[in-house]
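The values are calculated or read from the model by the stated rules, or taken from the named source; none is laboratory data. Given the structure is predicted, the values throughout are model-derived calculations rather than measurements. When we count neighbours, we look across all protein chains shown, and the Cβ atoms used for this are built from the backbone with ideal geometry, even at glycine.
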Amino acid sequence: MPSSCPAPDGAELVRELLAINEELSRLKDLDAILDRILTESRRIAGADAGTIYLVEDGRLRFGYVHNDTFIRQGDVTKDIYADFTLPIDGTSIVGHVAATGQPLDIANAYAMPADSPVAFNPSFDRKTGYHTTSMLTLPVKTSQGTVSGVIQLINAKDDAGRAVPFPQDARVVLPLLANAASVAIERAIMTRELILRMMQMAELRDPSETGAHVTRVGAYSAEIYHKYALMQGIGEHERKKTKDLIRVAAMLHDVGKVGISDKILKKPARLEPEEFAVMQMHTVFGTRLFQNSTSELDAMSGSIALNHHEKWNGTGYPGRLADLAAAQGPGQPKAGAEIPLEARIVALADVFDALGSRRSYKPPWPDEKILDLLHTERGAHFDPDVVDAFLDIFDVIAAIRDKYAEDQPGPDAGTGTDAGTGS
């Protein structure tokens, strides 16, 4: 990574920021937006690592992390699902920046002046062997001037790979990028909240369709796809685009349950065959909500809603339906690659989460039992390559489950460091 961008003239700067802003505007999911903001910020500054925090309930909550020293670019990592908060005060560098709304540029974290308004916490360095030198910490502000988050970049690198102070051009450009980023972040948070409100309607009908459940299924699906794409050699552009879409679309997989009667949805026992036939129609009801749209997100949402109960061996439902508007029951079996990839991924993510969750008619299964089932159903219920991708990132899956546990607040990190860069 170069040490910095070339010193831009005014026109070049405007063009660069407009291009970044346009790319951010095309992204749908919050995590994809945070990833892109960090990528662009680090590119401009030549930084080895970076973290974004978002203001939530009067505290800073860890949002996303990059670290080239510990995380190879493009890898799937559990570190981005760390869950902790920091107070907005002078007990940490990011807390100080959030409290004051002013950026803080530190040339050497281990040689800060005695009159510095905040101290560097070296605990992350001691724990991991990382050595933090330069730090550039920037507030992210809304159009009203309110701080909505903090971007912290660590260790600008020169052409020889040595940590150096952040260059002047980065200190000029990055505050402008941070302000532009706030619009994309606000939009993504609003999108996620709207989806969760939609699912709250489904939860009124089916108590198992909780906000935590659909958030987990969305995150599982995104990371399974990411690993699958790496294993299949899918290019970075396509990988990031599809990952952005699938995380959001997967959250809507069971939205069609709003069309199923309470007698069936809330039955605290196994459904009778005729009841199960009615339940199967939620796939059709769901996909009908996304018909006649030119949006890629709607197209994927409809595909997942329709196909996430299909099985690799052709024994799932609803099968091939010639006329979705007139469909009253299942069609001919659909199997293998005929089932869209996004639906094959969500099928596994949904089953894993359902089996590991408590229901009125069953306790949660332990991981060992679930993993045994996945091995057994590899090539039967589930696409073998999707199972392999899931198993390869099970530590990431477990981190997602912990972060989005039912009614579990995130741990308080006090004055500790973040999950991968500084403090």
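Anything in region 332-386 that is of a type in the set (D, E, K, R), part of a helix (DSSP H, G or I) and over 23 Å from the mean Cα position of the chain (by Cα)? List them, or say none. Spell out the reasoning first.
Taking region 332-386 and keeping what is of a type in the set (D, E, K, R), we get 334, 338, 342, 344, 350, 353, 358-359, 362, 367-369, 372, 377-378, 383, 385.
So of that shortlist, the ones also part of a helix (DSSP H, G or I) come out as 338, 342, 344, 350, 353, 367-369, 372, 377, 385.
Scanning region 332-386 gives E338, E368, K369, D372, E377.
Considering L230, L306, which residue is surrounded by 15 or more Cβ atoms within 10 Å (Cβ to Cβ) and under 26 Å from L194 (Cα atoms)? I'd like the intermediate steps shown before the answer.
Details: L230 fails: under 26 Å from L194 (Cα atoms).
L306 is the lone residue from the list that is surrounded by 15 or more Cβ atoms within 10 Å (Cβ to Cβ) and under 26 Å from L194 (Cα atoms).
Which one of these is at pLDDT 85 or above, buried (at least 16 other Cβ atoms within 10 Å of the Cβ) and in a helix (DSSP H, G or I): A184, A202, A180?
Numbers: A202 fails: at pLDDT 85 or above; A180 fails: at pLDDT 85 or above.
So the residue among A184, A202, A180 that is at pLDDT 85 or above, buried (at least 16 other Cβ atoms within 10 Å of the Cβ) and in a helix (DSSP H, G or I) is A184.
If you go through region 15-46, how many residues are more than 13 Å from E186 (Cα to Cα), among the basic types (K, R) and touching a helix residue (DSSP H, G or I) at 6+ places or on another chain (Cβ under 7 Å)?
Of the residues in region 15-46, 1 are more than 13 Å from E186 (Cα to Cα), among the basic types (K, R) and touching a helix residue (DSSP H, G or I) at 6+ places or on another chain (Cβ under 7 Å).
If you scan region 247-305, which residues turn out to be among the hydrophobic types (A, V, I, L, M, F, W, C) and in contact with an Asp or Glu (Cβ under 6 Å, 6 or more places away or on another chain)?
V248, I264, L265, F290, M300, I304
Identify, please: which residue in region 373-412 is at pLDDT below 95 and buried (at least 19 other Cβ atoms within 10 Å of the Cβ) and is, among those, nearest to G316 (Cα to Cα)?
This residue is Y404.
So the check is Cβ under 6 Å with 6+ separation or different chains; which pairs have a first residue in region 386-401 that's in contact (Cβ under 8 Å) with a residue 24 or more places away in the chain and a second one that's outside any helix (DSSP H, G or I) and among the β-branched types (V, I, T)?
Sorted first by the residue in region 386-401, then by its partner, the pairs are I393/V76; V396/V76.
Among the candidates S92, S25, single out the residue that is small (G, A, S), farther than 25 Å from A160 by Cβ and surrounded by fewer than 18 Cβ atoms within 10 Å (Cβ to Cβ).
Going through S92, S25 in turn, just one is small (G, A, S), farther than 25 Å from A160 by Cβ and surrounded by fewer than 18 Cβ atoms within 10 Å (Cβ to Cβ): S25.
Scanning for something over 19 Å from L341 (Cα atoms), in the same structural domain as R358 (by TED's automatic domain parsing) and touching a Leu at 6+ places or on another chain (Cβ under 7 Å), does region 214-230 turn up at least one residue?
no
Condition first: over 15 Å from A354 (Cβ atoms) and in contact (Cβ under 8 Å) with a residue 60 or more places away in the chain. Now tell me which residues in region 368-385 satisfy that.
Scanning region 368-385 gives G379, A380, D383, P384, D385.
If the requirement is being touching a Lys or Arg at 6+ places or on another chain (Cβ under 6 Å), more than 21 Å from G235 (Cα to Cα) and either in the same structural domain as A160 (by TED's automatic domain parsing) or among the charged types (D, E, K, R) (or both), which of these qualifies: G50, G58, G63?
Answer to the check: G50.
How many residues are at pLDDT below 90 and under 23 Å from E406 (Cβ atoms) if we restrict to region 328-363?
7
Can you tell me which residue among M300, M279 is crowded, with 17+ Cβ neighbours inside 10 Å, hydrophobic (A, V, I, L, M, F, W, C) and modelled with pLDDT of 95 or more?
None of the others qualify; the one that does is M300.
Specify which of the listed residues (A163, A219, A180) is under 25 Å from R61 (Cβ atoms), more than 17 Å from the chain's Cα centre (by Cα) and of a type in the set (G, A, S).
A180
V173 versus (1) at positive phi; (2) surrounded by 22 or more Cβ atoms within 10 Å (Cβ to Cβ); (3) at pLDDT below 90: which is the lone unmet condition?
Status for V173: all satisfied but (1).
Any idea which residue in region 60-89 is farthest from L230 (Cα to Cα), counting only those that are surrounded by fewer than 18 Cβ atoms within 10 Å (Cβ to Cβ) and among the basic types (K, R)?
Filtering first and then ranking leaves R61.
Consider F382 carefully, then state whether it is under 16 Å from L230 (Cβ atoms) and of a type outside the set (V, I, T).
no
The rows are residues; the columns are (1) out of contact with any helix residue (DSSP H, G or I) (no Cβ under 9 Å at 6 or more places or on another chain); (2) of a type outside the set (F, W, Y); (3) touching a residue at least 24 places away in the same chain (Cβ under 8 Å).
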residue	(1), (2), (3)
K240	no, yes, yes
K243	no, yes, yes
V248	no, yes, yes
G256	no, yes, yes
K266	no, yes, yes
A269	yes, yes, yes
P273	yes, yes, no
Q280	yes, yes, yes
